[in-house]
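So the structure is just underneath, and the comments pick up after that.
The values are calculated or read from the model by the stated rules, or taken from the named source; none is laboratory data. Note that the structure is predicted; figures quoted are calculated from it, not measured. Heads up, the Cβs are rebuilt from the backbone with ideal geometry, glycines too, and the neighbour counts pull from every protein chain shown. Quick note on the areas: whole protein, heavy atoms, side chains included, nothing else; ligands and nucleic acids left out. Shrake-Rupley method; radii C 1.70, N 1.55, O 1.52, S 1.80 Å.
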Amino acid sequence: DTAVSQTPKYLVTQMGNDKSIKCEQNLGHDTMYWYKQDSKKFLKIMFSYNNKELIINETVPNRFSPKSPDKAHLNLHINSLELGDSAVYFCASSPRTGGAYTEAFFGQGTRLTVV
Amino acid sequence: GNSVTQMEGPVTLSEEAFLTINCTYTATGYPSLFWYVQYPGEGLQLLLKATKADDKGSNKGFEATYRKETTSFHLEKGSVQVSDSAVYFCALTLNTGNQFYFGTGTSLTVIP
C-alpha cells in the first residue's frame, strides 16, 4: 500500500493550460503539504494544510490553488501555466500529535514540464 | 528565523570511503532534526531522525547526532557503497511549527 500517492507522475503541457495534481495519503495524518523542487533540487514549501484548513500559504502566485476535500486528500490546481512552473512537485503528510512531530512522508513527485 | 545549511556538493567518493555531510541549523524553538535521502526519480525517504539534544539517529550504517551546543546534525557513514549514491537533505521541524525546513541538498556519487 502506497502511503502518499500523487498523480500523475509526469505531466507535460503547453503554456497557458490549466492542470491539476492529486494527492492522497492513507496514513491517517492530520497535516499535508505541497513542496516545489526546482532544477537544483531546492525544496520550497508552498502550502500546508491541517485537517482541511490552510495554515501556510507561502509567496506563491495565485494561479496555484490548493484544495483539501478531506484530511486524506490535498490537490493542487494550477491555472495559466508558465514556463517557470516547470519543476517537480511533492506532496507530503505528517501526523500532528500534541507538540511532538514525527517525520514527513513524501509522495513520488509529479514532474511538470511546461512547453 | 528557521533554516538549515548543509555542505554543498557534489561529493564524489570511492566505494568504502568515509562519508561526512555537514549540517547546521538555526531555529526559533526546539527542533526535531532529520536526514532524508532522494534516489534518482524518486521522492524523499526518511533516513534517520533525532528529536532531542544528544540523540543519535541511525539507519543503514548512517549516523547523525543532535548537537545543541553547535547546532549541528552531521551525517556520517563509515564505508559507503555505490548504492548510496543519491541526494541527501538535512531538515528540521519545530514542535509548534507547520512545515519542514530543508537544506539545499548534497549530491553524493560513489564510484566503484
Study note, to complete from the structure: Exception for B:L13 within (1) part of a strand (DSSP E or B); (2) free of Cβ contacts under 8 Å to residues at least 24 places away in the same chain falls at (2)
Revision key, fill the gap. Given the conditions (1) outside any loop (DSSP other than H, G, I, E, B); (2) under 30 Å from A:S5 (Cα atoms); (3) not small (G, A, S), every one holds for B:T20 apart from (2)
Exercise for review: For residues that are away from chain A (no Cβ under 12 Å) and open to solvent by less than 70 Å² (accessible area, probe 1.4 Å), scanning just segment B:38-60, find the one that is farthest from B:S83 (Cα to Cα).
Suggested key: B:A53
Practice item. Name every residue in segment B:99-112 that is open to solvent by 10 Å² or more (accessible area, probe 1.4 Å) and of a type in the set (S, T, N, Q), in order of residue number. Key: B:Q99, B:T104, B:S107, B:T109
Practice item. Give just the number: which of (1) within 11 Å of chain B (Cβ to nearest Cβ); (2) closer than 17 Å to A:S86 by Cα; (3) open to solvent by less than 20 Å² (accessible area, probe 1.4 Å) does A:K41 not satisfy? Key: (3)
Review point. Counting only residues that are open to solvent by less than 20 Å² (accessible area, probe 1.4 Å) and part of a loop (DSSP other than H, G, I, E, B), which one in segment B:75-98 is farthest from the other protein chains (Cβ to nearest Cβ)?
Key: B:V80
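For every residue, the table says whether it meets (1) within 29 Å of B:K52 (Cβ to Cβ); (2) more than 8 Å from chain B (Cβ to nearest Cβ); (3) without any contact (Cβ under 8 Å) to a residue 12 or more places away in the chain; (4) touching a Phe, Trp or Tyr at 6+ places or on another chain (Cβ under 9 Å).
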position	(1), (2), (3), (4)
A:V60	no, yes, no, yes
A:P69	no, yes, no, no
A:N75	no, yes, no, no
A:I78	no, yes, no, yes
A:E82	no, yes, no, no
A:S93	yes, yes, no, yes
A:A104	yes, no, no, yes
A:V114	no, yes, no, no
Review point. Is there a residue being open to solvent by less than 30 Å² (accessible area, probe 1.4 Å), more than 27 Å from A:T2 (Cβ to Cβ), touching an Asp or Glu at 6+ places or on another chain (Cβ under 8 Å) and not β-branched (V, I, T) anywhere in segment B:66-73?
Key: yes
Point to revise | A:M15, sole failed condition from (1) among the hydrophobic types (A, V, I, L, M, F, W, C); (2) at the interface with chain B (Cβ under 10 Å from one of its Cβ atoms); (3) more than 25 Å from B:L94 (Cβ to Cβ) | key: (2)
Check your understanding: Is one or more of the residues making up segment A:37-53 hydrophobic (A, V, I, L, M, F, W, C) and farther than 30 Å from B:G9 by Cβ?
Key -> no
Check your understanding: Can you name the number of the only condition in (1) modelled with pLDDT of 95 or more; (2) buried (at least 20 other Cβ atoms within 10 Å of the Cβ); (3) part of a strand (DSSP E or B) that B:E63 fails?
Key -> (2)
Revision key, fill the gap. The condition from (1) out of contact with any strand residue (DSSP E or B) (no Cβ under 6 Å at 6 or more places or on another chain); (2) small (G, A, S); (3) without any contact (Cβ under 8 Å) to a residue 24 or more places away in the chain that A:G16 misses is numbered (3)
Revision key, fill the gap. Among (1) more than 14 Å from chain A (Cβ to nearest Cβ); (2) in contact (Cβ under 8 Å) with a residue 40 or more places away in the chain; (3) out of contact with any helix residue (DSSP H, G or I) (no Cβ under 9 Å at 6 or more places or on another chain), B:L33 falls short only on (1)
